[in-house]
1. For segment 100-122, does any single residue satisfy the condition of being in contact with a Leu (Cβ under 8 Å, 6 or more places away or on another chain), over 30 Å from residue 234 (Cα atoms) and either modelled with pLDDT of 70 or more or in a loop (DSSP other than H, G, I, E, B) (or both)?
2. Find all pairs meeting these conditions: Cβ atoms under 8 angstrom apart; at least six residues apart or on different chains; first residue within segment 177-196 and closer than 20 Å to residue 236 by Cβ; second residue of a type in the set (Asp, Glu) and part of a helix (DSSP H, G or I).
3. Can you tell me which condition residue 60 does not meet? The list is (1) at pLDDT 85 or above; (2) touching a helix residue (DSSP H, G or I) at 6+ places or on another chain (Cβ under 7 Å), and all the others hold.
4. Pick from 265, 256, 241: which is of a type in the set (S, T, N, Q) and within 24 Å of residue 159 (Cβ to Cβ)?
5. Could you list all residues from segment 266-285 that are at pLDDT 80 or above and surrounded by fewer than 18 Cβ atoms within 10 Å (Cβ to Cβ)?
6. Residues 205, 242, 180: which one is at pLDDT below 90 and of a type outside the set (D, E, K, R)?
Amino acid sequence: MSKTRQPRAEAHTPIHLTMADLARLAGTSKITVSRALADSSLVNAHTRERIQILAREQGYKLNISARNLRLRHSRTVGVIVEMRPSDARPMLDPYPLNLLGGITQALTTAGYSVLLTTRQDANATAIHAADGLILLGQGVHQDAVRRFDKLGLPMVVWGAHASNDSHVVVGSDNRQGGRLVAEHFVRVGRRHPVFVGPPGHPEILDRLNGFVDALARKGIKPLLMRRDDFTMAAGMDAVRSLVARGAKFDSIFASSDLLAVGAISALKDLGLDVPKECRSWDMTTPPSAPRSCRTSPRFARTGRRVACCSPRKCWT
């Protein structure tokens, strides 16, 4: 009697879900999924919980060896600065040097190496291997900030805070600085102030808004001299343009140190007494600059603070 052959059950090959698959199911990026599975506070609690539940439901297994490889620390922090490649003095502004000094001191003390690079060269493999990033100069780095956010690296930005930032921001209270300058000008009897700078930068826009708001309360409307860079030449050009068109002014709020130095130089070349005939004020004047009023952050100390603000405490 022949035996009845039972149909063989089909063998099902288990489907190995990748992080990209999970991200597609969750409707988010791979970085968001990675952060959520690591229980990172960089992802809001609702999204974090939703992704974790989805991962359990789908049987997603984290590749521990790959994760360990990704988490291998290089003991290096990338510091990204703005350079002028066509300029004979590509790193002209003094304040980044003071910031860099403080950053380097803090990171070296903590046993980290510093990889100094520029925004233009920041796609290098070495940057991706760093334990974290520090960006100096938010205004010129807006696109880079968004790009590096997607890498999932811990990142600290020296600049102005925005409500949608997913990284740590360290900076001055630029709006309050602008108000202080305006109040000083009013207190010493100045009624025809000028603001010099590129208001397209978030930090500079905050200074301008604080300056304008405080003056408006006194019925004063400042002149705005828009300049697209922060060089001495731009500061000199602003003053010469004011004089050439016969503008009435008795005070200048320069949005950076080199603009102020250039403005003061042009005022003196034109035979004007600083500060008797025209008072100048800026927020980042280096000690070597001609005397003017200043609302200056302590940049070396600030640099040390920037270096100690990793969002995941992966350095210092």
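The values are calculated or read from the model by the stated rules, or taken from the named source; none is laboratory data. Given the structure is predicted, the values throughout are model-derived calculations rather than measurements. Here the Cβ positions follow ideal geometry from the backbone for every residue, glycine too, while neighbour counts run over all protein chains shown.
1. Checking segment 100-122: at least one residue is in contact with a Leu (Cβ under 8 Å, 6 or more places away or on another chain), over 30 Å from residue 234 (Cα atoms) and either modelled with pLDDT of 70 or more or in a loop (DSSP other than H, G, I, E, B) (or both).
2. none
3. The one condition residue 60 does not meet is (1).
4. 256
5. Within segment 266-285, the first condition is being at pLDDT 80 or above, and the residues that meet it are 266-274.
Of everything in segment 266-285, those that are at pLDDT 80 or above and surrounded by fewer than 18 Cβ atoms within 10 Å (Cβ to Cβ) turn out to be 268, 269, 270, 271, 272, 273, 274.
6. 205
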